[in-house]
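Worksheet for the structure shown next.
The values are calculated or read from the model by the stated rules, or taken from the named source; none is laboratory data. From a predicted model like this one, the values you see are computed outputs, not experimental measurements. Here the Cβ positions follow ideal geometry from the backbone for every residue, glycine too, while neighbour counts run over all protein chains shown.
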Amino acid sequence: MNRKHFLYIPYYIMLLAGWFGMLPVAQAQQATDGVGIEGVEISRARDSVRIAFRVSLDSLNVRSNRSVVLQPFFKGEGGDRWLPAVEVMGRKRYLYYLRNDSLTYAEAPYRVVKRDKAVAQQVDYQTALAYEPWMEGASLYLGEDECGCGQVINTSRKPLAVADIAWHPALAYIAPQVETVKSRRLSGQAYLDFPVNKTDIYPDYRRNPAELAKIRATIDSVQGDADVRIVRMQVKGYASPEGTYRSNARLAKGRTEALKAYIIGRYGLADSLFVVDSEPENWEGLRAYVAQSSLADKEGILEIIDSEGDPDAKERRLRSAYPQAYRTLLADCYPGLRRSDYRIDYVIRGFNADEAKQVIRTRPQNLSLQEMFAVAQTYRPGSPEFIEVFQIAVQFYPTDPVANLNAANALLEQGLAQQAMPYLMKAGDSPQAANARGVALRMLERYDEAVRWLHQASEAGLEEAQANLSGI
């Protein structure tokens with residue numbers, strides 16, 4: 001501060017205004033001798049902090065040729081700020097100011113008031129600061145400049161108030177629906193090799209060791225789990241179009257039955273669990289291969305494939321019209337058309353919260369989304385464990401809007417707005433999702449976008465959104 005403003009000041013009072021987050025003071029506080037503070041109102045609007053209060057001068061005695069400087073001071077961890085001052089002048093001092101100092105004072109962050117003892121006198125004070133994080137927990141003090149230099153503040157006194165202007169986002173989670181029956185399925189494709197015109201499975205023949213191992217791994221993942229019960233096993237076999245349709249029908253059916261017999265023999269599953277089907281000639285697979293290929297005769301081949309009529313006649317036309325392409329298909333496409341699709345339908349028993357808390361560490365795929373949500377409720381919101389549960393949930397239910405919303409909310413609890421954005425893209429159209437998007441955008445200081453989302457959620461009746469609109 002410029003010391004020349006204190007040439008006529010007999011004492012300097014540092015008036016540190018009360019700092020309250022939008023909480024009006026019902027009665028005047030006695031800030032210092034003869035000075036009271038009332039109606040304190042502190043609010044944050046985006047990147048600005050507004051400070052307003054009323055100074056009561058009714059009991060302040062100022063000699064005619066003297067003045068008192070009232071100056072708020074705000075101090076927090078990592079920062080402090082002098083606020084614009086108010087100088088209350090006696091009558092003679094005020095006349096001197098008008099004649100000599102008005103230009104100087106006009107250039108300074110001052111408000112000058114003439115003390116009038118004849119009336120009840122109050123001064124409305126208002127200023128605005130650029131928001132800084134340290135302001136959220138800062139304290140206001142009443143101090144005195146003992147040297148008249150504007151640099152010393154007596155901090156031995158108790159703070160008048162502690163700032164409470166931090167914004168705490170209000171987040172709305174959605175509890176997933178309870179699954180009465182937890183039905184799940186696993187599926188895969190195997191490309192077993194059979195000798196020509198044979199339907200028996202030879203476990204060591206060509207690719208069969210690897211393909212059979214793939215089937216076993218799928219079954220083993222559920223068969224060995226005491227919490228799982230297999231309710232259906234579906235197997236469907238396909239043959240390729242070369243040869244006669246009648247022969248291919250026999251091969252497809254026989255090879256599918258062979259795979260069923262192999263599974264029953266290895267695992268002892270009941271025959272009644274199986275649903276078996278076969279496709280004599282895999283024309284659909286052939287068409288998909290040709291459509292995405294770069295074969296020179298692709299259009300003509302597709303025309304034959306799409307034509308109606310006897311399958312054997314179609315296959316002969318294909319072989320005779322496009323012999324070179326046909327040889328390519330025999331070598332590169334037809335082996336992949338001979339496959340076995342399999343699917344295991346199973347159910348998982350339900351778990352209470354204590355059980356689920358253990359299962360989520362060992363076999364999280366056995367938990368429903370609602371059971372994972374119940375686990376999360378056992379942890380403090382925003383804690384590492386809380387966030388981890390929702391991360392696991394969205395990993396196993398990656399397209400579920402509720403899983404994505406709750407995972408985003410868990411990150412927003414920690415202020416991790418940027419990390420939450422990918423989940424919010426898949427969080428659906430619920431008011432809770434709109435609120436979360438508004439919270440994330442407010443954290444990212446994209447205020448106009450945040451307001452639109454929060455208004456949308458608020459208009460849908462979500463109270464949390466209305467709270468998040470405060471100060472934006």
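Here are a few things to note about the model shown:
- Taking the criterion of being in contact (Cβ under 8 Å) with a residue 24 or more places away in the chain, of a type outside the set (Ser, Thr, Tyr) and buried (at least 24 other Cβ atoms within 10 Å of the Cβ), the only residue of segment 414-431 that qualifies is ALA427.
- Subset of segment 309-358 [of a type in the set (Phe, Trp, Tyr), within 30 Å of ARG232 (Cα to Cα) and in a helix (DSSP H, G or I)]: TYR334
- When ARG99 is tested against (1) surrounded by 12 or more Cβ atoms within 10 Å (Cβ to Cβ); (2) assigned to a helix (DSSP H, G or I); (3) more than 41 Å from the chain's Cα centre (by Cα); (4) at pLDDT 80 or above, just one condition goes unmet, and that condition is (1).
- Qualifying positions in segment 231-249 - buried (at least 22 other Cβ atoms within 10 Å of the Cβ) and under 13 Å from VAL196 (Cβ atoms): ALA239, SER240, ASN248
- Residue list for segment 445-464, restricted to those being closer than 22 Å to TYR131 by Cβ and either hydrophobic (A, V, I, L, M, F, W, C) or outside the structural domain of LEU416 (by TED's automatic domain parsing) (or both): ALA450, VAL451, TRP453, LEU454
- Segment 413-434: number of residues that are touching a Pro at 6+ places or on another chain (Cβ under 8 Å) and closer than 12 Å to ILE387 by Cβ: 1
- Yes/no for VAL290 being farther than 22 Å from THR199 by Cβ and among the β-branched types (Val, Ile, Thr): yes
- Residue count, segment 199-213 (criterion: surrounded by fewer than 16 Cβ atoms within 10 Å (Cβ to Cβ) and in a helix (DSSP H, G or I)): 3
- Subset of segment 348-397 (residues that are of a type in the set (Val, Ile, Thr), surrounded by 15 or more Cβ atoms within 10 Å (Cβ to Cβ) and more than 17 Å from the chain's Cα centre (by Cα)): ILE348, VAL359, ILE360, VAL375
- The listed residues are LEU405, LEU462, LEU411, and the only one of them that is out of contact with any Cys (no Cβ under 6 Å at 6 or more places or on another chain) and without any contact (Cβ under 8 Å) to a residue 60 or more places away in the chain turns out to be LEU411.
- Any chance VAL290 is surrounded by fewer than 16 Cβ atoms within 10 Å (Cβ to Cβ) and either under 47 Å from the mean Cα position of the chain (by Cα) or at negative phi (or both): no
- Condition check for ARG349: touching a Ser or Thr at 6+ places or on another chain (Cβ under 6 Å) and either farther than 26 Å from ASN409 by Cβ or hydroxyl-bearing (Ser, Thr, Tyr) (or both): no
- Residues being crowded, with 17+ Cβ neighbours inside 10 Å and not basic (Lys, Arg) - total across segment 306-341: 10
- Members of segment 58-67 found to be under 17 Å from VAL123 (Cβ atoms) and either modelled with pLDDT under 85 or touching a helix residue (DSSP H, G or I) at 6+ places or on another chain (Cβ under 7 Å) (or both), listed by number: SER67
Conditions tested, residue by residue: (1) over 44 Å from the mean Cα position of the chain (by Cα); (2) surrounded by 13 or more Cβ atoms within 10 Å (Cβ to Cβ).
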| residue | (1), (2) |
| --- | --- |
| GLN223 | no, yes |
| VAL228 | no, yes |
| LEU251 | yes, yes |
| TYR262 | yes, yes |
| ALA270 | yes, no |
| PHE274 | no, yes |
